[in-house]
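**Q** After the structure tokens below, expect a handful of questions from me.
Just so it is clear, none of the values below were taken in a lab; they were calculated from the coordinates. As the structure is a prediction and not an experimental result, all values here were calculated from the model. Cβ coordinates were reconstructed from backbone atoms using ideal geometry, including for glycine residues, and neighbour counts include every protein chain displayed.
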Amino acid sequence: MDVSLVILIVAAVAVAFLVFGPLRHVREREARWGGVAEALGGKLQGGEVRGEHEGLSVRMGMEWHAEGSQGLGHFCVVRAKVPGPLPPGFVAAPRRWTSGVNRLLASNLFPSGDPALDEMYVFQSDMKAQGQAFLQDAEVKEALRGLLGAGGVAFVEKGQTGFASLGSLSDTEEIQRRFALVGRAARRLAASPASRALAEPSAQAG
């Protein structure tokens, strides 16, 4: 057999493996998640499990995130939208996902003053003083502590609470637990005096 033909066949097989291998895993995961979504009374949409916890919308999907200087990791991420205002651009980023270089380059970082929270999160806000004041609220701190869990990564970003772990997840009870985890934290942030204070100027302006 011609050597060039052998090379072409090997290359075609390699490309097929690279293309169809991941697709097979995605289909298998979506098949599992379809059953999970049904068990939770939700639905599978756009590759995500869409459901709710006590009336609050919650979703679960796979996302790539950088783990500091360790490269990318494929995480199963559960998110819930905070039903109330947060400081502009407020972020409680997982320290595990941020590198020392990124922290040095950022100009709007600040500590919470709580060693347990500062060990897990890197805080920032577009309005630094407002973000710092928000973090002094005891209810806000309790909501952030409530997100922390063994073997996972907690965060707040883009007005959402989140919890992530490496690899796919298909255990319905564990998914329910995580829906409850992010849902409770989202509601607690929104119910905090600091969030209600942020809503007052908007209400008065309307």
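**Q** For region 105-190, give the magnitude of the charge dipole about the Cα centre (Cβ charges: +1 Lys/Arg, -1 Asp/Glu; no others), in debye to the nearest 20.
**A** Magnitude of the dipole: close to 180 debye.
**Q** Another question, then. To the nearest whole percent, what portion of all C-alpha pairs in region 38-87 is separated by more than 17 angstrom?
**A** More than 17 Å apart: 48 percent of the Cα pairs in region 38-87.
**Q** Would you work out which of Leu181, Gln130, Leu147 lies farthest towards the positive end of the dipole of region 48-205? Charges go on Cβ: Lys and Arg +1, Asp and Glu -1.
**A** With unit charges placed on the Cβ atoms, the residue in question is Gln130.
**Q** Going by amide H atoms built from the backbone, whose H comes under 5 Å of the H on Phe90, apart from near neighbours?
**A** Under 5 Å from the amide H of Phe90: Asp126.
**Q** Let me ask something else about it. How large is ³J(HN,Hα), in whole Hz, for each residue of region 28-45 in order, when computed from phi with the Karplus curve 6.51 cos²θ - 1.76 cosθ + 1.60 and θ = phi - 60°, using x for Gly and Pro?
**A** Rounded to whole hertz, the list is 5, 5, 5, 5, 5, 5, x, x, 5, 4, 5, 5, 8, x, x, 8, 9, 9.
**Q** Follow-up question, since we're still on this one. Rg and Dmax of region 48-205, Cα atoms, in Å?
**A** Values for region 48-205 (Cα only, Rg and Dmax): 15.3, 47 Å.
**Q** Find the centroid of the Cα atoms in region 76-132 and in region 140-189, then give the distance between the two in whole Å.
**A** Using only Cα atoms to place each centre, the spacing works out to 15 Å.
**Q** Once phi is turned into ³J(HN,Hα) by the Karplus curve 6.51 cos²θ - 1.76 cosθ + 1.60 with θ = phi - 60°, what whole-Hz value does each residue of region 114-120 show in order, with x for glycine and proline?
**A** Using θ = phi - 60°, the values come out as 10, x, 5, 6, 5, 6, 9 Hz.
**Q** Moving to a separate point now. Given labels modelled 7 Å from the Cα in the Cβ direction, how far is it in nm from Asp126 to Asp171?
**A** Going from the Asp126 label point to the Asp171 one covers 4.0 nm.
**Q** May I ask you to list the lysines whose Cα is less than 26 Å away from that of Lys128, ignoring any residue fewer than eight positions away on the same chain?
**A** Straight-line reach from Lys128, under 26 Å: Lys81, Lys141, Lys158.
**Q** Taking the Cβ of Gln136 as the center, what net charge do the other residues with Cβ under 15 Å away carry, scoring Lys and Arg +1 and Asp and Glu -1?
**A** -1
**Q** Suppose R0 equals 41 Å; then what is the FRET efficiency for Glu54 and Ser107 from their Cβ-Cβ distance, rounded to the nearest 0.05?
**A** 0.60
**Q** Just how large is the dipole of region 48-205 about the Cα centre, in debye to the nearest 20, putting +1 at every Lys and Arg Cβ and -1 at every Asp and Glu Cβ?
**A** Charge dipole of region 48-205: 140 debye, to the nearest 20.
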